[in-house]
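> Have a look at the structure that comes next, please.
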Amino acid sequence: MDIQILKALLNDVKSGNISVDDALEQLRKLPFEDIGFAKIDSHRHIRCGFPEVIFCQGKTIDQTVKIAQRILDDGNNLLATRASKDIYEAIKKIEPSAQYNELARAITAVKREIEILSEGVILVASAGTADLPVAEEAVVTAEMMGNRVERLYDVGVAGLHRLLGNKEKLFSANVIIVVAGMEGALASVIGGLVDKPVIAVPTSVGYGASFHGLSALLTMLNSCASGVSVVNIDNGFGAGYCASLINRLTNKTK
């Protein structure tokens, strides 16, 4: 349930189109529905502006499908991250419109039209091709949350001219997500070029001394570019979500 549905329900009660008891039945699952192994947060759309997202890793196929069914039954759009092809095939059986971004490992299903909430563009930049799974997770998340998203891939510091040849994209973006592994220097470079918030995503891409992304994480945390904030290793979802909130907020101030 989102704010628009709640307003419509209250107006229906006010006008007499629906009884109080029927309205209470619709509100019965607020703020959450307990299904034993999970508590479905049906109130999250009202609080946070976006429905609950399923993190599939560690869940069984059956658990994931049952959670997805409840989210879809509430009329919400579905986003499931870290999803396998087997989970997608199972969700496809209950929701034929479901789509799978294999690179991002993300499942989406659009039950209601996605409203574009900001005129600003979120730019997702990746250092290398190996970083694309995390970058695509950020893209899918930001798009599902109602943002215009552009990609700028394979522009790492090993060939800085590739980045500098796309300055217009950098300067025109409202928020920039920078995804990089190895030493993670790309976030600092972009942060030093633009006057927009930069959300840095360290990836676990790299040889042994990268310590599965720890090297990139520490580089990004120690960036001397003041506008850089950092999310967890490989957390494309967190970056896309945060960028969306910033993008929506800046639109409200115009």
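> Express as a percent, rounded to the nearest 5, the fraction of DSSP beta bridges in the chain (both residues included) that run antiparallel. Don't skip to the answer; put the middle values down first.
Numbers: 8 of 28 bridges.
The antiparallel fraction comes to roughly 30 percent.
> On to the next question. Just grab the label-to-label distance for residue 158 and residue 116, each label 7 Å out from Cα along the Cβ direction, in nm (one decimal).
Label at residue 158, label at residue 116, 3.6 nm between them.
> Can you give me the Rg/Rh ratio for the chain, using Cα atoms for both radii and the Kirkwood formula for Rh?
Numbers: Rg = 20.0 Å, Rh = 19.4 Å.
Answer for the chain: 1.03.
> Out of 137, 168, 95, any idea which swings most in a Gaussian network model of the chain, alpha carbons joined below 10 Å?
Per the Cα network of the chain with a 10 Å cutoff, 168 tops the list.
> Which translational diffusion coefficient, to the nearest whole µm²/s, is obtained for the range 110-161 from the Stokes-Einstein equation, given a Kirkwood hydrodynamic radius over C-alpha pairs, 4 °C and 1.567 mPa s? Write out the running numbers ahead of the final one.
Values: Rh = 12.0 Å.
For these conditions, the coefficient is 108 µm²/s.
> Can you spot the aspartates and glutamates whose alpha carbon is less than 18 Å from residue 92's alpha carbon? Ignore those fewer than 8 places along the same chain.
By straight Cα distance, residue 92 reaches 62, 73, 74, 102.
> Between residue 60 and residue 212, what length in nm is gained on full extension when 0.36 nm per residue of separation is reduced by their alpha carbon distance?
So the extension gain works out to 52.1 nm.
> As I understand it, the value is the acute angle between the Cα axis of helix 85-94 and the longest principal axis of the Cα atoms of the chain; what does it come to in degrees, rounded to 10?
Roughly 30 degrees, rounded to the nearest 10.
> Using unit Cβ charges (K, R positive; D, E negative) and no other charged atoms, how large, in debye to the nearest 20, is the dipole of the chain about its Cα centre? Don't skip to the end; give the middle numbers.
Details: 26 positive and 29 negative charges, 76 e Å.
For this selection, approximately 360 debye.
> Convert 37 °C to kelvin, take the viscosity as 0.692 mPa s, use the Kirkwood radius over C-alpha pairs of the range 121-252 as Rh, and evaluate the Stokes-Einstein diffusion coefficient in µm²/s, rounded to a whole number. Mind showing how you got there, number by number?
Details: Rh = 14.0 Å.
D, rounded to a whole number, is 235 µm²/s.
None of the figures in this text is laboratory data; all of them are computed from the coordinates on show. Since the model is a prediction, treat every value here as computed from it, not as a measurement. Quick reminder, even Gly has a Cβ in these numbers, built from the backbone with ideal geometry, and neighbours come from all protein chains shown.
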